[in-house]
Amino acid sequence: MTETTEPLDRVMVIGAHPDDPEFGCAGTVIKWARAGRSITYVLLTSGDKGSRDPGLRPGQLAAMREDEQRAAAEEIGVEQVIFLGYPDGLLENTLDLRRRLCGLLRQHQPHIVMTIDPWRTYQLHPDHRAAGQAALDAIYAAREWYIFPEQLIGDVEPWGVKEAYLFWTGNADYWEDITCCIEARIAALMCHTSQVGENNERLAERIRERSRKTGEEAREKLEEEGYEYAEGFKRFQFR
Ligand SMILES: [Zn+2]
């Protein structure tokens, strides 16, 4: 595969809920942020249904989860966090969502988009399927002159994303060594207290264990040394 020679400085992570980036790809994001890449998060919902506490109203929970997401993003070195405010649990890949994501791609011009693999076998969460699909459909739309042409005013032009990385995939073909960042990755995940609780050492160990397994998978697939801890992605390079 030919490697790109262009700089890939700007990264946009598109997830369905606050905590999707931290569960899915935060080790890689931390590593890339440390390497000087500029990272923007786009969360399509604010996770307002992610509690079974009847005393907690969706609006309160959304505010709490947005705060948790901002705290995690700050730990990671994310420059900007954008919430689109679609209702949690009811996300659909509509033309409206595709148009808004397309507009964000044209405005922020990310070289790399990271999102959820919508085709993972038995991906049961409808929001996760819809988010991945909408992100990929928006990448397609953003490069075309005649799709959502009303956005192309002033300095705004079509934008071709160079690479997409799908996390939570069953078809990884790219692995990032996150040995440098595993503890920082866990610390960022722990910012989502409403979802993971306080000092959740069992979850931390599960993340280490899963990242070790992915490191071994990289060793088998790449027939190289492998990594102590890794994250795996399905990667697309657009030309
Ligand atoms: Zn999620």
### Query
Taking the radius of gyration and the Kirkwood hydrodynamic radius from Cα positions alone, what is the Rg/Rh ratio for region 98-157, to two decimal places?
1.05
### Task
Give a residue-ordered list of calculated ³J(HN,Hα) values for region 228-239 (Karplus: 6.51 cos²θ - 1.76 cosθ + 1.60, θ = phi - 60°; whole Hz; x for Gly, Pro).
5, 10, 8, 10, x, 9, 8, 10, 10, 10, 9, 10
### Descending semi-axes in whole angstrom, ellipsoid equivalent of region 7-54, from the Cα gyration tensor
27, 11, 6
#### Entry: DSSP-defined beta bridges in the chain - what % are antiparallel, rounded to 5
30 percent
## Note on the structure
Restricting to aspartates and glutamates and to Cα separations under 19 Å from residue 49, and discarding same-chain partners fewer than 8 apart, the set is 19, 20, 22, 66, 67, 68, 88, 92, 127
### Selection from 187, 110, 199, by position along the positive dipole direction of region 110-223 (Cβ)
199
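Full-extension gain between residue 201 and residue 96, please, as 0.36 nm times their residue separation minus the C-alpha to C-alpha distance.
Values: separation 105, 0.36 × 105 = 37.80 nm, distance 4.05 nm.
The residue 201-residue 96 span can extend by a further 33.8 nm.
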### Query
Based on the alpha carbon coordinates of region 1-140, what radius of gyration and maximum Cα-Cα distance (Dmax) apply, in Å?
15.0, 54
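I'd like the projected area of region 85-192, averaged over all directions, using the convex hull of its alpha carbons. Report it in nm² with one decimal.
Averaged projected area of region 85-192's Cα convex hull equals 8.6 nm².
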### Query
Which of the lysines could a cross-linker bridge to residue 31, judged by Cα under 30 Å and excluding same-chain residues fewer than eight apart?
162, 213, 221, 234
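What's the exposure ranking of 174, 140, 165, going from fewest to most Cβ atoms within 10 Å? Before the final figure, lay out each step's value.
Working: 174 21, 140 13, 165 24.
Exposure proxy ranking, most exposed first: 140, 174, 165.
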### Query
Based on DSSP H runs of at least 4 residues, each adding -39500 (n - 2.57), what is the mean residue ellipticity at 222 nm of the chain after dividing by all its residues, to the nearest 500 deg cm²/dmol?
-13000 deg cm²/dmol
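If the viscosity is 1.567 mPa s and the temperature 4 °C, what translational diffusion coefficient in µm²/s does Stokes-Einstein give for the chain when Rh comes from Kirkwood over Cα pairs? Before the final figure, lay out the partial values.
Numbers: Rh = 18.2 Å.
Using the Kirkwood radius from Cα pairs, D works out to 71 µm²/s.
Where a number appears in this text, it was derived from the coordinates with a stated rule and is not lab data. Source: prediction; values computed, not measured. Because the Cβ atoms are built from the backbone with ideal geometry, glycine has one as well, and the counts that use them run over all protein chains shown.
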